[in-house]
Amino acid sequence: MTLLVARQLQAGHERALCAPLDFELAPGETLGLRGPNGAGKTTLLRTLTGQIPPFAGSVTRRPGLRFAVQAQHPHRPRDLPLSARDYLALLGTPAEAPADIAALFSKRIDRLSGGQFQLLHLWALLSTPGDILALDEPTNNLDPQRIDRLLELLAQRRPGVAALVVSHDADFLERTGARVLTLEPS
Amino acid sequence: MSALDVFALPFLNGLLASLLLGGIGLLLFARRDWLAALGISQIAAAGALIGTASGIPALLAAPATALVAADLKRRLQLGALGYGVMILAGWSTVMLLAANTPLGDALAHALVDGQLYFTRVEHLAALLPLAVALPLLWKRLSRALLRARLFPEHEQANGQPDRRLQALFEWLAALLLALGTLTLGVMASFALVLLPAWTASRLAPNLRLAVLLCLSLALGAYLIAFELALRLDQPFGPVLVASALILCALTRAGHTAAMKLTHERTGTPHDRA
């Protein structure tokens, strides 16, 4: 059963940012969203995940659909006494994790490097029960080695979990095996 | 009647209020809502004075006023601005009532300085349900509040920001701050909310230890203040604020020194140790 259907969809707040889009997302599928700056990639992702209403057109989501949403700039306050383990527990992530993630468990999140935190955040979302992963520029702060690690984690996600991936990195999108939708400014 | 008999009940009231304020302070701080403590405390003090002037017991009037203020602030979504308005409105009301009503001046002083030694069994009866409720609700409240701060997009996409839990937290905080104001005074309540939470949030390596450190600092500041205020015959509120300031400053200094020592021994940068 299709998870999500967009018809003549345009995202935007006060004006449409992109030309009308028609697409569907099936279970297990990866859909890449790319386009020039200002084409509304992030706004489209927020529209697809129901955080803001469509500017025009429609989005139909399968009832009971659960999202795992990564913001373009994940929140990492410097005044919270949270270890990486606390951080994962907040999302209900299982205690078992790969060695490179488990090695971060005892560190405070505000003392991780940008790349370490990004990978921790992505792992948390990948492990969260959800039907669609919505990732906004997931390669931010990641060096080539960690981008490879992210691709591994994405490939190992639970069967049936779809992914919506916004990225300016065409090579990364290609390596995810995504069907790529290029946004045209309206 | 021995000194123990005279001071046992006030001591217990203050102890409970201090621990509860320290605990709720950590959540207010995590929510960046610590200014709420001063705003709600000032409004509660004003409510207590208005109640007294109208023949309503302060123990009813202060929590009721604090609850109304917290609810209004939440509905109007004023953020820190709302607390700024509360501080100004509360202060102005307290000062005007103090100047123009019989007993107002004495009560206003008591609310600002702390009236711990005059607290009664009614204060204990009001604090005890909160002392039961807060630990029971702690896990759910802290999880909901932290998720809302760290994963707002995720929460919004899944329709999960639990408004009822957030409202419950705000009411609990308002009640606690009102009772804290009536027991310890405006500034002492504010100090117990802000200083231990700030210190623990900065130093603790994880949430569990932050809770422990926060409660220990609140408890330590209270015990020191209780002893010193009695021995030196000083007003309780200012002594508590001073003891909290000094204890938290010493804790931070001790932590920095320990980190430097670790750095010297291991070569680890001290901000990463």
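The values are calculated or read from the model by the stated rules, or taken from the named source; none is laboratory data. Note that the structure is a prediction, hence the values are computed from the model and not measured. With ideal geometry, Cβ positions are generated from the backbone for all residues, glycine too; neighbour counts draw on all protein chains shown. When the accessible area is computed, the model is the full protein with side chains, heavy atoms only, and any ligands, DNA or RNA have been set aside. Shrake-Rupley method; radii C 1.70, N 1.55, O 1.52, S 1.80 Å.
Worth a mention:
- Dipole of segment B:59-146, positive direction: furthest Cα of B:VAL112, B:THR65, B:GLY82, with charges on the beta-carbon: B:GLY82
- Largest to smallest principal axis extent of the C-alpha atoms in segment B:45-114, angstrom: 36, 20, 20
- Cβ-Cβ distance of A:HIS73 and A:ARG158, R₀ of 25 Å, FRET efficiency by 1/(1 + (r/R0)^6): the value works out to about 0.45.
- Distance (nanometres) between label positions extended 7 Å along Cα→Cβ at A:THR42 and A:GLU184: 2.5
- Report summary: the helix-based calculation at 222 nm, which adds -39500 (n - 2.57) for every DSSP H run with n ≥ 4 and divides by the residues of chain B, gives -29000 deg cm²/dmol.
- Our estimate of slack between B:VAL68 and B:LEU12, defined as 0.36 nm per intervening residue step minus the Cα-Cα distance, is 17.4 nm.
- Relative to the current alpha-carbon distance between B:LEU212 and B:ALA131, full extension at 0.36 nm per residue lengthens the span by 27.6 nm.
- Extension gain, B:ALA80 back to B:TRP171 (0.36 nm per residue minus Cα-Cα distance, nm): 31.1 nm
- Segment B:3-266, accessible surface, carbon-and-sulfur percent (1.4 angstrom probe): 69
- Note on segment B:142-236: dipole from Cβ charges, positive end direction compared against B:SER142, B:LEU195, B:GLN156; the farthest Cα belongs to B:GLN156.
- Overall form of segment B:1-106 per C-alpha gyration tensor (a/c, 1.5; a/b vs b/c): oblate
- Computed over the protein assembly as shown, the quotient of the alpha carbon radius of gyration and 2.2 N^0.38 Å is 1.16.
- Which of A:LEU45, A:VAL166, A:LEU91, positive extreme of dipole for chain A (C-beta unit charges): A:LEU91
- The share of accessible area on chain A that comes from carbon and sulfur is 50 percent, using a 1.4 angstrom probe.
- Counting Cβ atoms of other protein chains within 10 Å of each residue's Cβ and taking the mean over peptide B:139-150 gives 3.
- Computed on segment B:3-266, with alpha-carbon pairs under 8 angstrom and 6+ residues apart, the relative contact order is 30 percent.
- What separates the Cα centres of segment A:70-103 and segment B:167-223 is a distance of 25 Å.
- Distance from segment B:116-142 to segment A:105-181 (C-alpha centre basis), Å: 44
- Surface exposure of chain B, expressed per residue as accessible area with a 1.4 Å probe, stands at 47 Å².
- Per DSSP, loop trypsin sites (Lys or Arg not before Pro) in segment A:44-120 with at most 13 further Cβ within 10 Å: A:ARG78
- Two-site FRET efficiency, B:GLU122 against A:ARG111, from Cβ-Cβ distance with R₀ of 60 Å, rounded to 0.05: 0.80
- Take the Cα of B:THR262, step 7 Å toward its Cβ, do the same at A:SER58, and the gap between the two points is 5.8 nm.
- Under the Debye formula (equal points on every Cα, no solvent term), log10 I(q)/I(0) of segment B:83-191 at q = 0.13, 0.14, 0.15 Å⁻¹: -0.66, -0.73, -0.80
- For B:ILE43, B:ILE224, A:ILE109, the ranking by accessible surface with the largest value first comes to B:ILE224, B:ILE43, A:ILE109, using a 1.4 Å probe.
- Extent of segment A:1-134 along its three principal axes (Cα atoms, max minus min coordinate, largest first): 47, 32, 21 Å.
- Close amide H contacts of A:LEU183 (hydrogens built in the peptide plane, cut-off under 5 Å, sequence separation of 5 or more or a different chain): A:ARG34, A:GLY35.
- Here the sum of -39500 (n - 2.57) over DSSP H runs of 4 or more residues, divided by the residues of chain A, equals -8000 deg cm²/dmol at 222 nm, to the nearest 500.
- Based on Cα contacts under 8 Å between residues 6+ apart, segment A:1-83 shows a relative contact order of 36 percent.
- Chain A: antiparallel DSSP beta bridges as a percent of all, rounded to 5: 40
- Antiparallel DSSP beta bridges within the protein assembly as shown, as percent of all bridges there, nearest 5: 40
- The label point for B:ALA253 and the one for A:ASP171, both projected 7 Å from the Cα toward the Cβ, are 5.4 nm apart.
- Accessible surface buried at the A:B interface totals approximately 2400 Å², computed with a 1.4 Å probe on protein heavy atoms.
- Projected onto their three principal axes, the Cα atoms of segment B:3-266 cover extents of 63, 49, 31 Å, largest first.
- Dipole magnitude of segment B:24-164, debye to nearest 20 (Cβ charges: Lys/Arg +1, Asp/Glu -1, about Cα centre): 620
- With R₀ fixed at 60 Å, the C-beta to C-beta distance from A:ALA102 to B:MET95 puts the FRET efficiency at about 0.55.
- Cβ-placed point charges (K, R +1; D, E -1), dipole of segment B:161-260 about Cα centre in debye, nearest 20: 340
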